[in-house]
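The values are calculated or read from the model by the stated rules, or taken from the named source; none is laboratory data. Note that the structure is predicted; figures quoted are calculated from it, not measured. Cβ sites come from the backbone with ideal geometry, for glycine too, and all protein chains shown count toward neighbours. What goes into the accessible areas is simple: the full protein's heavy atoms, side chains included, and nothing from ligands, DNA or RNA. Shrake-Rupley method; radii C 1.70, N 1.55, O 1.52, S 1.80 Å.
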Amino acid sequence: MPPITAGTPIPPPSTSSSQPLLDLIIQIVSLLLLSSLNVRSFVGRWQVLHSKLSTLHSALLEVSDSPHWSENPLVHTILPSLLSTLQRLKSLSDQCSDSAFSGGKLHMQSDLDMASASLSSQLNDLDLLLRSGVLYQSNALVLSQPVPGSNKDDTEFFIRDLFTRLQIGGVEFKKKALESLVQLLNQDEKSAGLVAKEGNVGYLIHLLDFSSQPSVRELAASAVSVLSTASDESRKRVFEEGGLGPLLRILETGSMHLKEKAAAAVESITIDTENAWAVSAYGGLSVLIEACRSGTPQLQAAAVGAIRNVTAVEDIKTSLVEEGAIPVLLQLLVSSPTDTQEKAAMSIAVLASSGEYFRSRIIQERGLQKLLQLIHDSPSFNTIENPLRALSSLAVSDPIARILSSSTLFIMKLGELIKHGSLVLQQIAASLVANLSISDGNKRAIGSCMGSLVKLMEMPKPAGVQEAAVGALASLLTVRSNRKELMRDEKSVMRLMQMLDPKNEVISKTFPLAIVTAVLSGGSNGCRRRLLEAGAHQHLQNLADKNVAGAKKALQRLTGNRLRNIFSRTWRE
């Protein structure tokens with residue numbers, strides 16, 4: 001190709017080969033670098049353009065030196081538009097170099113600014129191509145989809161290529177790149193961390209905007225959803241790049257399919273408390289509540305999960321309630337799949353434990369009845385924990401405590417949970433038994449759980465379980481028949497003696513002393529004799545000698561006047 005000089009008309013781009021086109025562009029840039037120094041009008045703007053042209057010249061030479069640049073389809077999308085911009089600049093340069101130029105200054109300023117902006121955009125695209133390294137590797141290899149377990153370097157290179165195509169290419173390039181990205185993320189869970197590190201997650205989030213082509217936007221939402229749920233690193237990156245706001249907008253106005261993707265991402269992002277606070281800042285509380293109210297089951301499950309996460313933020317709880325969350329959460333308790341029920345129950349439990357204002361709002365919305373219904377209707381103990389926690393918090397209110405205390409069905413359920421529930425359920429149920437004013441008849445009805453309470457007294461963890469067990473057992477032992485029943489239980493008596501033994505330093509003596517005192521409070525000679533036979537006297541004497549609180553009182557009860565001639569009698573059952 002002959003060299004182009006000042007005044008030479010610029011030929012149209014060649015369509016048969018990319019090399020002549022690149023050579024032509026480099027020649028024009030070289031010419032513009034010279035002419036931009038000789039302009040007589042708008043010198044300041046041409047100085048800025050000269051700097052950009054100089055950077056462009058270096059980038060084009062680097063492209064030319066890249067071994068596989070001509071194989072990359074993105075280059076073929078950049079060069080023609082770049083040539084068009086340079087042709088426009090050549091025309092403007094000729095006009096600004098003409099001493100006789102008398103055209104409109106404002107019009108020329110506008111033309112120069114638009115050409116400069118186009119040049120900046122194209123320069124940025126070239127920079128992306130060069131930094132990605134895709135021009136240094138064969139196009140055939142670049143397009144190869146990594147499989148799980150692929151070499152890390154190959155996967156990283158593939159990700160950089162995808163994001164280069166995503167940012168530079170047109171709609172079809174973007175769609176194909178996103179399809180490959182979603183496939184990669186779904187096939188290899190480890191790839192999310194690499195995408196967060198090597199990819200432009202901010203640009204991916206930009207594609208969630210409503211101005212994006214619908215199919216591109218949907219694929220971008222799928223990719224962001226997977227990134228948000230795949231790993232801590234990728235989830236953090238999505239939030240830091242501003243992903244929460246666009247996701248909430250999709251959750252508010254997108255298609256149902258997009259809403260489901262967005263809700264899953266929001267639920268995952270809000271797992272981190274420092275992220276959850278931002279939901280309120282984006283106006284997302286009402287959006288989440290509406291999704292719970294009218295979404296598909298899948299959407300409801302994710303949205304209520306996000307609400308559960310948000311309830312951990314103290315400053316947001318009141319706003320959440322004022323937006324109408326409680327009636328929606330309570331409805332989900334009784335009309336949803338198990339997973340959704342559990343999340344709704346956890347949200348209610350957190351709110352119920354947060355103060356009288358929240359408890360009164362729950363009670364106003366018939367929360368007590370719905371929680372009891374869930375506990376009684378649940379086929380598995382797995383879904384009971386959070387409803388039980390909520391009831392435990394509501395029981396702080398005297399009217400609620402009276403209702404629960406008078407419910408034989410509920411008291412029987414507590415006894416069943418103490419005997420057969422998980423350790424956490426046992427603790428919550430024991431705490432309720434300890435704090436409710438249960439009738440003697442109901443105490444007798446659940447007396448069979450006393451052995452389980454004695455076992456709980458030996459558990460140092462979780463915190464508070466021993467106190468709950470002692471409180472519940474002491475309450476049940478106010479009934480005479482329960483005291484006798486406990487003393488008939490060989491295993492329970494032996495456990496009490498082991499805990500009472502001064503040599504056993506693991507268990508605080510406060511717990512067994514409280515139970516021994518409760519057993520002896522009725523004055524039953526049979527109970528005294530059973531404790532004496534089990535060795536309680538020696539343990540109590542040793543503890544009293546060490547001035548252990550409560551030991552002397554228990555010893556006095558054990559050795560009272562009613563012990564006269566006790567050993568000559570048969571222990572009455």
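On the given criteria, is ALA434 at pLDDT below 95, open to solvent by 20 Å² or more (accessible area, probe 1.4 Å) and within 40 Å of the chain's Cα centre (by Cα)? Criteria not met by ALA434. Restricting the first member to the range 218-233 and to residues that are touching a residue at least 40 places away in the same chain (Cβ under 8 Å), and the second to residues that are open to solvent by less than 30 Å² (accessible area, probe 1.4 Å) and among the hydroxyl-bearing types (Ser, Thr, Tyr), the beta-carbon pairs closer than 6 Å and six or more apart or on different chains are LEU227/SER234; SER228/SER268.
In this structure, is THR85 surrounded by fewer than 17 Cβ atoms within 10 Å (Cβ to Cβ) and closer than 19 Å to ALA117 by Cβ?
no
Just checking, does the range 403-410 include any residue being hydrophobic (A, V, I, L, M, F, W, C) and in contact with a His (Cβ under 7 Å, 6 or more places away or on another chain)?
Looking only at the range 403-410, we keep the residues that are hydrophobic (A, V, I, L, M, F, W, C), and these are 403-404, 409-410.
Checking the rest, the ones that are also in contact with a His (Cβ under 7 Å, 6 or more places away or on another chain) come to 409.
Yes, some residue in the range 403-410 is hydrophobic (A, V, I, L, M, F, W, C) and in contact with a His (Cβ under 7 Å, 6 or more places away or on another chain).
Looking across the range 531-557, the residues that are closer than 19 Å to LYS491 by Cβ, in contact (Cβ under 8 Å) with a residue 40 or more places away in the chain and open to solvent by 20 Å² or more (accessible area, probe 1.4 Å) come down to ALA534, HIS539. When ARG40, ARG88 are checked against the criterion of being in a helix (DSSP H, G or I) and touching a residue at least 24 places away in the same chain (Cβ under 8 Å), a single residue qualifies: ARG88. Scanning the range 43-54 for residues that are in contact (Cβ under 8 Å) with a residue 40 or more places away in the chain, open to solvent by 50 Å² or more (accessible area, probe 1.4 Å) and farther than 13 Å from MET108 by Cα turns up just one, VAL48.
Each residue in the range 207-240 was checked for being more than 22 Å from ILE307 (Cα to Cα) and surrounded by 18 or more Cβ atoms within 10 Å (Cβ to Cβ), and 8 pass.
Just checking, does the range 172-187 include any residue being outside any helix (DSSP H, G or I) and touching a residue at least 24 places away in the same chain (Cβ under 8 Å)? Within the range 172-187 (the criterion being outside any helix (DSSP H, G or I) and touching a residue at least 24 places away in the same chain (Cβ under 8 Å)), the answer is no, since none of the residues qualifies.
For MET487, indicate whether it is on the phi < 0 side of the Ramachandran plot, touching a Gly at 6+ places or on another chain (Cβ under 6 Å) and not charged (D, E, K, R).
On the way: on the phi < 0 side of the Ramachandran plot: yes; touching a Gly at 6+ places or on another chain (Cβ under 6 Å): no; not charged (D, E, K, R): yes.
So MET487 does not fit the description; no.
Name the residue that is farthest from PHE158 (Cα to Cα), counting only residues in the range 114-129 that are modelled with pLDDT under 85 and surrounded by fewer than 17 Cβ atoms within 10 Å (Cβ to Cβ). So, considering only residues that are modelled with pLDDT under 85 and surrounded by fewer than 17 Cβ atoms within 10 Å (Cβ to Cβ), the one farthest from PHE158 (Cα to Cα) is SER121.
Apart from one condition, GLU71 fits all of (1) open to solvent by less than 60 Å² (accessible area, probe 1.4 Å); (2) modelled with pLDDT under 85; the exception is (1). No other residue among LEU333, LEU258 is under 19 Å from ILE384 (Cα atoms), modelled with pLDDT under 95 and assigned to a helix (DSSP H, G or I) apart from LEU333.
Per-residue answers, yes or no, for (1) open to solvent by 30 Å² or more (accessible area, probe 1.4 Å); (2) small (Gly, Ala, Ser); (3) closer than 25 Å to GLY295 by Cα:
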site	(1), (2), (3)
ALA325	no, yes, yes
HIS376	yes, no, no
SER393	no, yes, no
ARG402	yes, no, no
GLY415	no, yes, no
ILE428	no, no, no
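Residues in the range 463-503 that are in contact with a Lys or Arg (Cβ under 6 Å, 6 or more places away or on another chain) and not in a helix (DSSP H, G or I) were compared, and the one that is farthest from ALA549 (Cα to Cα) is VAL479.
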